[in-house]
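Following: one structure in structure tokens, then a few remarks.
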Amino acid sequence: MLPFKLVYHDGYDLHLGAHVFPSEKYRLIKERLLAEGFAEPSDFIAPDPASDADLLLVHDRGWVKRLKTGTLNPTEALRLEIPYSPETMEAFWLCAGGSILAARLALRDRVGFNIGGGFHHAFPAHGEGFCAIHDVAIAIRKLQQEKLVEQVMVVDTDVHHGNGTAAIFARDASVFTLSIHQLHNYPDEKPPSNIDIHLPDGTGDEEYLERLEEGCRKGMDASKPQLVMYVAGGDPYAQDKLGGLSLSIEGLKARDRLVFDLALKRGAVVAVALAGGYAMRLEDTVTIHCNTAHAAAEALMDSAGPTAAVQPSAG
């Protein structure tokens, strides 16, 4: 039995059809982790969908209503870059519930792992770049509302800048944001995070890991987070269709260990959302995401910290 739960629901599939975003990867990740003996069926836990009230902690009421009723205007639909369907919206609500659950489980187990989510391009009043709602921000606001955490850090390693995250938390000292990404890539406009690591095209394992470690150390020491929300994108991979960095599969797993190790050694807990991954070979994307789960287990095994690093703060 794993020392943490894997949050998953069959409804995570966005039902996008022939699309560059392979949302069937969520099911394939679960199947791979079971087939290789890493996980047992009892290691998986299904989330409830986030409530509309949860979404309204981050998103405008009108945006939530238009998503639910399928009344996006043409500009909003085009900006989202995915076809609209009720099943797709149900998947977003489920993924948000999954990130809330993963964050809660992290407080108990030191790591919580959502096999989904990471929709970091969503803004309060619009979505873009395949992201309709910002599950990570919703999870943060929900746990803060419940006074389970106060200080949070978002470590975003997707190849694309976390523009929605930066905008949502721009003037909030309780949430420290770090994004390490390819500079010359989507989105064109990059609102400032607390730390932005703008990488040149073709950056490989060594430089990437050096700069990530420097940024994480600086950010964690400055913000002293109780909870780290780790947006573990698979798209910095050298053979990703939407990326232009040159990380290897081994380098990406080293990235994951780096984030887990730095956070756990500082007494923070970590909740994972998997974010993007568009490798030429779908099986590579699945491997990269499965390796994040392996890295989490290895980091917990090697960590000598307490089994529950965060207690609910006083109301």
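Between a residue in the range 32-51 that is within 14 Å of GLY116 (Cα to Cα) and touching a residue at least 12 places away in the same chain (Cβ under 8 Å) and any residue that is charged (D, E, K, R) and surrounded by fewer than 19 Cβ atoms within 10 Å (Cβ to Cβ), which pairs come within a Cβ distance under 8 Å, given they are 6 or more apart or on different chains?
PRO49/GLU90
Would you tally the residues in the range 161-210 being of a type in the set (Phe, Trp, Tyr), touching a residue at least 40 places away in the same chain (Cβ under 8 Å) and under 26 Å from ILE133 (Cβ atoms)?
To start, the set of residues in the range 161-210 that are of a type in the set (Phe, Trp, Tyr) comprises 169, 176, 186, 208.
If we keep only those that are touching a residue at least 40 places away in the same chain (Cβ under 8 Å) as well, we get 176, 186, 208.
Checking which are under 26 Å from ILE133 (Cβ atoms) leaves us with 176, 186.
Selection size over the range 161-210: 2.
Which one of LYS142, LYS68 is more than 24 Å from LEU262 (Cβ to Cβ), assigned to a helix (DSSP H, G or I) and free of Cβ contacts under 8 Å to residues at least 24 places away in the same chain?
Working: LYS142 fails: free of Cβ contacts under 8 Å to residues at least 24 places away in the same chain.
Only one candidate passes the filter, namely LYS68.
Using the structure shown, decide if ILE82 is part of a loop (DSSP other than H, G, I, E, B), surrounded by 14 or more Cβ atoms within 10 Å (Cβ to Cβ) and in contact with a helix residue (DSSP H, G or I) (Cβ under 7 Å, 6 or more places away or on another chain).
Yes: the conditions hold for ILE82.
Please pick out the residue among ARG171, ARG217, ARG211 that is touching a helix residue (DSSP H, G or I) at 6+ places or on another chain (Cβ under 7 Å) and either surrounded by fewer than 15 Cβ atoms within 10 Å (Cβ to Cβ) or among the charged types (D, E, K, R) (or both).
Every option except ARG217 fails the conditions.
Restricting the range 159-212 to residues that are hydroxyl-bearing (Ser, Thr, Tyr) and not in a loop (DSSP other than H, G, I, E, B), which is nearest to HIS59 (Cα to Cα)?
THR165
Please work out which one of (1) closer than 25 Å to THR177 by Cβ; (2) in a loop (DSSP other than H, G, I, E, B); (3) among the aromatic types (Phe, Trp, Tyr) is the condition PHE38 fails and give its number.
The number of the failed condition is (1).
Taking the conditions exactly as written (touching a strand residue (DSSP E or B) at 6+ places or on another chain (Cβ under 7 Å) and at positive phi), does GLY117 satisfy them or not? Spell out the reasoning first.
Working: touching a strand residue (DSSP E or B) at 6+ places or on another chain (Cβ under 7 Å): yes; at positive phi: yes.
So GLY117 fits the description; yes.
Could you tell me how many of the residues in the range 84-139 are closer than 14 Å to ALA275 by Cβ and hydroxyl-bearing (Ser, Thr, Tyr)?
1
Bear in mind that the values in this text are calculations on the coordinates, not laboratory data. Here the structure is a predicted model, which is why all the values come from computation and not from measurement. A quick note on method: Cβ atoms are made from the backbone with ideal geometry, for glycine too, and the neighbour counts reach across all protein chains shown.
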